[in-house]
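Below: one structure, written as structure tokens.
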Amino acid sequence: MSAVIDASPLEQFSAVPLPTGDACLLVIFGASGDLTRRKLIPGLYNLACTGCMNPQFEVLGVGRTEMSSEEFRSRMRESASQSSDARDFNESQWKNFERRLHYLIGDIQDDGFYSRLKARLGEHSESVPNHLFYVSTPASVAGPIVESLKRAGLNRNAGGWSRIVLEKPFGHDLRSAQELNAVVHQAFDEKDVFRIDHYLGKETVQNILVFRFGNALFEPVWNRNYIDYVEITAAESGGVEGRAAFYEETGALRDMVANHMLQLLALTAMEPPIAFEAETVREQKVQALKSIRPMTLEEVAHRTVRGQYGAGEIAGKRLPGYREEHATKKDSRTETYVAVEFYVDNWRWAGIPFYIRTGKRLAKQTTEIRVHFKRTPQALFARTPHEQLGPNVITLRIQPDDGIGIAFDVKRPGAHMRALPVEANFSYEGVFGSKGPPAYETLLLDSMRGDATLFTRHDEVEAEWRIITPIEEAWAQLPAPNFPNYAAGSDGPAEADALIGGDHRAWTRLT
């Protein structure tokens, strides 16, 4: 089944005026890096082409790589022209956009550099009075950059506002997250701090709130009385893709569960906010995260599974194991797969498990939330085998096929009363003609407008680490798994099936 939507709502949707960012100068620390080329510049280019960019907007890239502003523009043009995130790239629009791009050579760990940066910003103070600092660097230098901005007086701006955008990870455990938050708050007010988790910029992630709270069909049954369990999957078919050094330090738990996965859980479990505004939405997410009890060592042993991929095959191509990848240790204990059973201990969700799994080199690339409802009494359908009469399931597909599916039972044609499961599907691209703007485009615009709704708050970050840090500490004490324990191209380690197994519960198959 396919979703059918009237033309009139779509006409109204297209007629809504687009928001515009404030006049500002965006300073990108780490401008010669991968994130700037792949995500930030294509996102800014799109904003300029769609009229969301203020006429008084400039970009100043900062990096140690020796190049002129002209060379910087040329490199960014090459990346944007090949990026799938840059919609309808063409030369004339790029020419109009690239005049906004500038480059400043400097060592961001040298205090003397910040006096030059301050002087450069002063040259634009009349036309672009506001400053947006984007820290696109390794997480280890985020704190020193913030401290240097404060010493140079760039954290305050008498002629306008100064804001800072921080990329994940926000620390590597609870203590380091608290220390980073303390450094940031000594320099910037919380309202001027924008911690990016790019998952929150995805249209389908934002749509979780609309789907839950905007439809009378679903909100009344979104609780422990009707839901059996919730399954959240972020599966990647790719490996570490040149990020082995980073991954050796991080692992799947810190890289994915400590932010992306817990954000999806919080949006699925949170109570309704009084308005779609930054503080009210983020407060409800924090409350949901605080309702997840930190695990004891014994609970970690029984409610978590670690995995690391070995050699295998995807789409007919032989692939090496993680320990065979470039720059990984030959006896590495780094997990590339994690499955966890969480419980949200509040009135709405008491006793309902949330199963989270994420991994690399799995059989399929997909991110989705599946809400499994309790089965109805089966006596009415005695002629239908139990395994053929499925429970209702709502699937919120985040990528790659963005949309929503609802599985329900209908009568099978024929003389007998037998049921058959079917699914109604809504596709973003099928209905709206596109999947919506890329996540970074949305988040860049919101940071320029000062809207922090889709960004994580300081106590939200710490609440996530209060959940994750005890797991990391318990793993350090528990016997290490016998890695590798799943083949590339599989569904993950067999132990994960045992984690969710029982009472007709099972992971949705990837193969």
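Some values worked out for this structure:
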read-out	value
3 or more residues open to solvent by less than 30 Å² (accessible area, probe 1.4 Å) and in contact (Cβ under 8 Å) with a residue 40 or more places away in the chain: qualifying helices (runs of 4 or more DSSP H) within region 391-481	439-449, 458-477
Residue check, residue 51 open to solvent by less than 60 Å² (accessible area, probe 1.4 Å) and part of a loop (DSSP other than H, G, I, E, B)	yes
Output for region 309-355, where each listed residue is of a type in the set (D, E, K, R) and in a helix (DSSP H, G or I)	323, 324
Subset of region 485-503 that is part of a loop (DSSP other than H, G, I, E, B) and under 28 Å from residue 296 (Cβ atoms) - its residue that is modelled with the lowest pLDDT	503
Residue in region 449-464 that is out of contact with any Lys or Arg (no Cβ under 8 Å at 6 or more places or on another chain) and under 30 Å from residue 322 (Cα atoms) present	yes
Subset of region 285-302 [part of a helix (DSSP H, G or I) and either in contact (Cβ under 8 Å) with a residue 60 or more places away in the chain or charged (D, E, K, R) (or both)]	285, 286, 289, 290, 297, 298, 299, 300, 301
Residue within region 423-432 that is of a type in the set (A, V, I, L, M, F, W, C) and over 21 Å from residue 209 (Cα atoms) present	no
Among (1) under 19 Å from the mean Cα position of the chain (by Cα); (2) among the β-branched types (Val, Ile, Thr); (3) closer than 29 Å to residue 363 by Cα, the one test that residue 286 misses	(3)
Residue satisfying condition, being out of contact with any Cys (no Cβ under 8 Å at 6 or more places or on another chain), at pLDDT 95 or above, farther than 29 Å from residue 142 by Cβ and surrounded by fewer than 16 Cβ atoms within 10 Å (Cβ to Cβ), within set 70, 91	70
Subset of region 338-351 (residues that are out of contact with any Leu (no Cβ under 9 Å at 6 or more places or on another chain) and open to solvent by 10 Å² or more (accessible area, probe 1.4 Å))	343, 345, 346, 347, 348, 350, 351
Filtered residue count, region 103-119, keeping only those that are out of contact with any strand residue (DSSP E or B) (no Cβ under 6 Å at 6 or more places or on another chain), open to solvent by 10 Å² or more (accessible area, probe 1.4 Å) and of a type outside the set (Val, Ile, Thr)	9
Qualifying positions in region 128-164 - surrounded by fewer than 16 Cβ atoms within 10 Å (Cβ to Cβ) and in contact with a Lys or Arg (Cβ under 8 Å, 6 or more places away or on another chain)	153
Test: residue in region 238-256 that is open to solvent by less than 10 Å² (accessible area, probe 1.4 Å), under 19 Å from residue 492 (Cβ atoms), assigned to a loop (DSSP other than H, G, I, E, B) and touching a residue at least 24 places away in the same chain (Cβ under 8 Å)	yes
Conditions (1) open to solvent by less than 20 Å² (accessible area, probe 1.4 Å); (2) closer than 23 Å to residue 292 by Cα: number failed by residue 493	(2)
Pairs where the first residue, in region 325-337, is loosely packed, with under 11 Cβ neighbours inside 10 Å and the second is outside any loop (DSSP other than H, G, I, E, B) and of a type outside the set (Ser, Thr, Tyr), C-beta under 8 Å, 6+ apart	326/244; 330/323; 331/323
Qualifying residue in region 273-284 (condition: under 19 Å from residue 347 (Cα atoms), part of a loop (DSSP other than H, G, I, E, B) and either without any contact (Cβ under 8 Å) to a residue 40 or more places away in the chain or open to solvent by 20 Å² or more (accessible area, probe 1.4 Å) (or both))	yes
The lone exception for residue 190 - which of (1) surrounded by 15 or more Cβ atoms within 10 Å (Cβ to Cβ); (2) modelled with pLDDT of 95 or more; (3) of a type in the set (Asp, Glu) it fails	(1)
Flag for residue 360 being open to solvent by less than 50 Å² (accessible area, probe 1.4 Å) and not acidic (Asp, Glu)	yes
Set 32, 79: member being in contact with a strand residue (DSSP E or B) (Cβ under 6 Å, 6 or more places away or on another chain), open to solvent by 10 Å² or more (accessible area, probe 1.4 Å) and modelled with pLDDT under 95	32
Test result for residue 269, modelled with pLDDT of 95 or more and under 29 Å from residue 334 (Cα atoms)	no
Count of region 54-65 residues which are open to solvent by 10 Å² or more (accessible area, probe 1.4 Å) and touching a residue at least 40 places away in the same chain (Cβ under 8 Å)	5
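Table: residues versus (1) of a type in the set (Phe, Trp, Tyr); (2) touching a helix residue (DSSP H, G or I) at 6+ places or on another chain (Cβ under 6 Å); (3) closer than 30 Å to residue 22 by Cα.
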| position | (1), (2), (3) |
| --- | --- |
| 403 | no, yes, no |
| 409 | no, no, no |
| 431 | no, no, no |
| 475 | yes, no, no |
| 481 | no, no, no |
| 489 | no, no, no |
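The values are calculated or read from the model by the stated rules, or taken from the named source; none is laboratory data. Just so it is clear, the model here is predicted, and its values are computed rather than measured. Because the Cβ atoms are built from the backbone with ideal geometry, glycine has one as well, and the counts that use them run over all protein chains shown. When the accessible area is computed, the model is the full protein with side chains, heavy atoms only, and any ligands, DNA or RNA have been set aside. Shrake-Rupley method; radii C 1.70, N 1.55, O 1.52, S 1.80 Å.
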